[in-house]
Protein chains: 2
Amino acid sequence: MIFQVTHRDARTSARAGVLKTSRGEIHTPVFMPVGTQATVKALTSRELLEAGAEVILSNTYHLYLRPGVKVIEGAGGLHSFMGWDKPILTDSGGFQIFSLAAFSKVRKDGVEFQSHIDGSRHFLTPEEVVRIQCSFGSDIFMPLDECVKYPSEESVVEKSVELTRQWAGRSKEAWRALVREDGRFEKNILFGIVQGGTIARLRKEAARQLLDLDFPGYAIGGLSVGEPNELMAEILSLTAPALPAEKPRYLMGVGMPLDLLEAVSQGVDMFDCVVPTRNGRHGTVFTSGGRLLLREAKYVSDLRPLDEKCPCYACRTHSRAYLRHLFNSEEHLGGRLASLHNLTFFIQLLQSTRRAIEEKRFHEFRLAFERNYNEEDS
Amino acid sequence: MIFQVTHRDARTSARAGVLKTSRGEIHTPVFMPVGTQATVKALTSRELLEAGAEVILSNTYHLYLRPGVKVIEGAGGLHSFMGWDKPILTDSGGFQIFSLAAFSKVRKDGVEFQSHIDGSRHFLTPEEVVRIQCSFGSDIFMPLDECVKYPSEESVVEKSVELTRQWAGRSKEAWRALVREDGRFEKNILFGIVQGGTIARLRKEAARQLLDLDFPGYAIGGLSVGEPNELMAEILSLTAPALPAEKPRYLMGVGMPLDLLEAVSQGVDMFDCVVPTRNGRHGTVFTSGGRLLLREAKYVSDLRPLDEKCPCYACRTHSRAYLRHLFNSEEHLGGRLASLHNLTFFIQLLQSTRRAIEEKRFHEFRLAFERNYNEEDS
């Protein structure tokens with residue numbers, strides 16, 4: 001039992017749990033900072049620990065292309081390469097191959113693509129993607145999948161779901177073979193990924209098929225790719241319950257604070273999103289009162305911290321006026337401090353959510369958060 | 001006595017000393033990180049403390065234009081605005097007005113110039129520049145000066161030295177007037193700046209004139225502005241001894257590690273330079289063995305730290321291979337870590353120099369450093 005649900009909300013599907021990995025426990029619901037290129041943009045590992053991160057994400061497609069598998073293996077794996085001792089979840093890179101690569105085509109056994117960096121041609125199979133992630137030493141890893149654009153024709157989505165199912169099966173087989181060769185790989189956790197676009201029938205079908213493969217956890221992919229928010233919530237509300245209650249659920253790439261609370265109420269346990277770091281770099285910070293656009297003139301002499309309630313270094317040390325000056329002057333420290341603050345905010349939001357579930361007050365917690373939080377720029 | 005020479009080298013003019021400010025002691029020789037826009041680029045105050053910084057620089061021209069004097073005054077001064085409790089030395093901005101502004105012209109009482117940021121027109125007098133720095137709460141501040149280009153005609157340099165002398169006198173008067181109004185300003189230390197380009201006669205003349213004004217410390221400006229290294233050393237070797245032995249000497253904007261040791265041997269106590277942060281941002285790091293260009297392919301799998309002897313976070317946590325990956329991937333963390341390392345290297349170089357002077361082994365220390373250190377890219 002790598003995952004244990006410790007508390008359940010009475011009114012919704014929200015739950016608190018613990019996911020056990022060989023590099024430490026992950027307390028869910030959890031927000032996982034994104035470190036695509038073996039670095040959570042602009043931040044150090046010690047800052048991530050300070051922000052409360054228990055697990056971070058990285059990306060197989062990016063790391064496979066640069067610095068390459070050999071460099072990371074040579075460094076003793078991804079953890080020692082990047083100086084992060086706690087769990088790492090690696091995405092397979094399927095999403096990036098189909099969205100970022102200059103060219104990609106599904107061939108008989110895998111996918112051919114052209115690097116977005118230098119145009120070089122590559123061919124990856126689901127088996128190879130598993131082997132790469134195992135050699136990185138990922139604690140939680142993802143099978144190669146195909147994520148369709150929004151909107152897509154039902155027939156396109158159907159084909160894609162079938163491909164993803166086949167690849168999931170081959171990924172699991174590849175992992176089993178690796179474990180037979182070397183028992184150490186048994187500690188690496190392979191999730192299944194549910195695709196299916198915004199077609200309800202295909203989401204349910206995809207979930208059902210993956211259950212047969214009995215993964216220790218399930219990711220929900222292909223949401224927050226441009227569909228309206230209501231549609232995302234709808235698809236989530238029928239996908240999440242189709243996944244086994246005793247296993248962890250990970251909603252990939254979502255999202256804004258209110259989306260996170262909605263997804264928690266649907267029974268999602270794990271989240272990642274580039275929003276805190278990307279928005280931080282551009283001068284938008286998240287606070288309990290909503291978003292602040294720090295470049296705005298109204299902050300020029302505002303001596304308050306970004307968020308009175310936040311314990312991060314930026315809030316303990318600096319004012320909005322100073323942060324505004326940094327962004328106004330194009331100084332890197334601005335993006336750094338705003339990223340640190342935003343990650344702290346997202347991580348703590350889910351930690352507080354967890355405590356609220358444990359203490360049987362999730363409903364009140366969510367209502368209070370939503371009352372204070374203004375999704376419009378405050 | 002705000003400055004005390006505690007140790008003198010027997011063979012050279014090198015000395016160790018302590019400069020006392022109301023915000024703490026500065027142990028000389030000292031390297032002062034440059035925080036032009038109220039931020040040492042990409043680094044936090046706590047990292048500067050970790051690197052061993054006892055004092056940092058900022059710049060009146062830049063801060064006057066952005067965020068403006070009112071914002072900094074409103075925040076309670078520059079220290080609280082930027083979250084740095086130890087001493088700050090502010091340059092007057094004379095150098096920037098004449099080098100960076102879109103337009104500048106000396107008028108009867110001061111200098112008119114156009115902002116390099118938005119083209120707005122401004123007029124500053126030496127008196128105003130003193131008042132601004134006092135309102136920032138600078139611990140050590142500089143009078144408005146004129147720094148000529150290299151090369152410049154002797155007649156141009158002569159006129160400029162005369163202007164700088166007049167401005168120095170007016171600056172001192174303005175500071176005295178401020179102290180009469182408010183005794184607290186007495187703790188702010190106003191240095192004189194010796195200009196004179198590369199004309200030996202004018203350097204000596206400038207030094208002599210400033211001595212009459214009896215400043216508590218003297219800066220040597222206008223070097224490292226494009227002249228050959230030998231000429232800089234020559235001018236330094238005749239300017240430094242013309243300054244009183246019992247007062248601190250500050251060589252503005254210099255320089256590379258070997259230049260620092262040469263200047264220390266000439267009796268200079270204080271240094272600032274953008275080299276550690278600027279080079280760091282671009283992937284060049286300084287080590288006891290010389291410079292490393294981290295983008296070079298030879299570091300792709302190099303698991304050694306930047307410098308085995310360095311105690312900084314980057315060296316304790318990461319390899320050259322990881323740093324190279326960050327620069328190669330245009331990740332901000334690369335410039336951050338390299339800046340932190342370089343500042344640690346420069347600060348520690350002068351701390352080690354100081355210890356060597358105290359322990360009567362400056363000559364051996366300098367020889368050993370020069371033997372190991374390769375100014376060419378190693």
Going through the stretch B:294-378, which GluC sites (Glu not before Pro) have at most 12 other Cβ atoms within 10 Å and a DSSP loop state?
B:308, B:330, B:359
If I build a Gaussian network model for chain A, linking alpha-carbon pairs within less than 10 angstrom, which residue out of A:57, A:294, A:49 has the largest mean-square fluctuation?
A:49
Between residue A:317 and residue A:360, what is the spin-label point distance in nm, taking each point 7 Å from the Cα along the Cα→C-beta axis?
4.3 nm
Principal axes first, then extents: for the Cα atoms of the protein assembly as shown, list largest minus smallest coordinate on each axis, whole Å, largest first.
91, 55, 42
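State the volume of the convex hull built on the alpha-carbon positions of the stretch B:294-359, expressed per residue in Å³ and rounded to an integer.
On the way: hull volume 5.1 nm³, N = 66.
So the per-residue hull volume is 77 Å³.
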Filtered trypsin sites (Lys or Arg not before Pro), the stretch A:107-195: DSSP coil and at most 10 other beta carbons within 10 Å:
A:107, A:108
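When N counts the residues of the stretch B:1-142, how does its alpha-carbon radius of gyration compare numerically with 2.2 N^0.38 Å, as a ratio? Spell out each step's value before the answer.
Working: Rg = 16.7 Å, N = 142, 2.2 N^0.38 = 14.5 Å.
Compared with the compact-globule rule of thumb, the stretch B:1-142 sits at 1.16.
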Please turn the phi angles of the stretch B:26-41 into ³J(HN,Hα) values with the Karplus equation 6.51 cos²θ - 1.76 cosθ + 1.60 (θ = phi - 60°), one per residue in order, whole Hz, x for glycine and proline.
10, 8, 9, x, 9, 9, 10, x, 9, x, 2, 9, 6, 7, 6, 3
Could you work out the local net charge near residue B:142, counting Lys and Arg as +1, Asp and Glu as -1, over the other residues with Cβ closer than 13 Å to its Cβ?
-4
Between beta-carbons, use under 11 Å as the cut-off and find the net charge around residue B:113, counting Lys and Arg +1, Asp and Glu -1.
+2
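For residue B:8 and residue B:309, what does the FRET efficiency come to when R0 = 25 Å and r is the distance between their Cβ atoms, rounded to the nearest 0.05? Walk me through the numbers on the way to the answer.
On the way: r = 27 Å, r/R0 = 1.10.
According to the calculation, E is roughly 0.35.
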With label points set 7 Å from each Cα along the Cα-to-Cβ direction at residue B:73 and residue A:204, the distance between them in nm comes to 7.1 nm
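Which translational diffusion coefficient, to the nearest whole µm²/s, is obtained for the stretch B:37-89 from the Stokes-Einstein equation, given a Kirkwood hydrodynamic radius over C-alpha pairs, 37 °C and 0.692 mPa s?
Values: Rh = 11.4 Å.
In µm²/s, the coefficient is 288.
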Suppose the chain between residue A:20 and residue A:46 were pulled fully straight at 0.36 nm per residue; how much longer would it get relative to their current alpha carbon spacing?
7.2 nm
Along each principal axis, Cα extent of the stretch A:129-190, largest first, Å
43, 17, 14
Label-to-label distances across copies for residue B:6, with labels 7 Å out along Cα→Cβ, in nm, shortest first?
5.2
For the pair residue B:85 and residue B:181, how long in nm is the line joining their label points, each one 7 Å along Cα→Cβ?
3.0 nm
Residues of the stretch A:134-153 with backbone nitrogen within less than 18 Å of a virtual label 7 Å along the Cα-to-Cβ line of residue A:116, please, listed as ranges.
A:144-150
By Cβ neighbour count within 10 Å, fewest first, B:318, B:363 rank B:363, B:318
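Given Cα positions, please report Rg to Rh for chain B, the hydrodynamic radius being the Kirkwood one.
On the way: Rg = 20.4 Å, Rh = 21.2 Å.
Across chain B, the Cα-based Rg/Rh ratio is 0.96.
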Please report the residue of chain B with the smallest beta-carbon distance to the B-to-A rotation axis, and give that distance in Å, no decimals.
B:332, 3
Can you tell me the orientation of helix A:362-372 relative to chain A, as the angle in degrees between its alpha-carbon axis and the longest Cα principal axis, to the nearest 10?
50 degrees
From Cα pairs below 8 angstrom and at least 6 apart in sequence, can you work out the relative contact order of chain A, rounded to a whole percent?
18 percent
I'd like the orientation of helix B:126-136 relative to chain B: the angle between its Cα long axis and the longest Cα principal axis, in ° from 0 to 90, rounded to 10.
50 degrees
Just flag the GluC sites (Glu not before Pro) in the stretch A:140-169 sitting in loop per DSSP whose Cβ has no more than 15 other Cβ atoms within 10 Å.
A:153
Any idea what the alpha-carbon Rg over 2.2 N^0.38 Å comes to for the stretch A:194-267?
1.01
List the distances, in nm to one decimal, from the label point of residue A:303 to the label points of the same position in every other copy, shortest first, placing each label point 7 Å from Cα along the Cα-to-Cβ direction.
5.3
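Every read-out reported here was derived from the displayed coordinates using simple, explicitly stated rules and does not represent laboratory data. Remember, it's a predicted structure, so these values are computed and weren't measured experimentally. Reconstructed Cβ throughout: ideal geometry from the backbone, glycine too, with neighbour counts over all protein chains shown.
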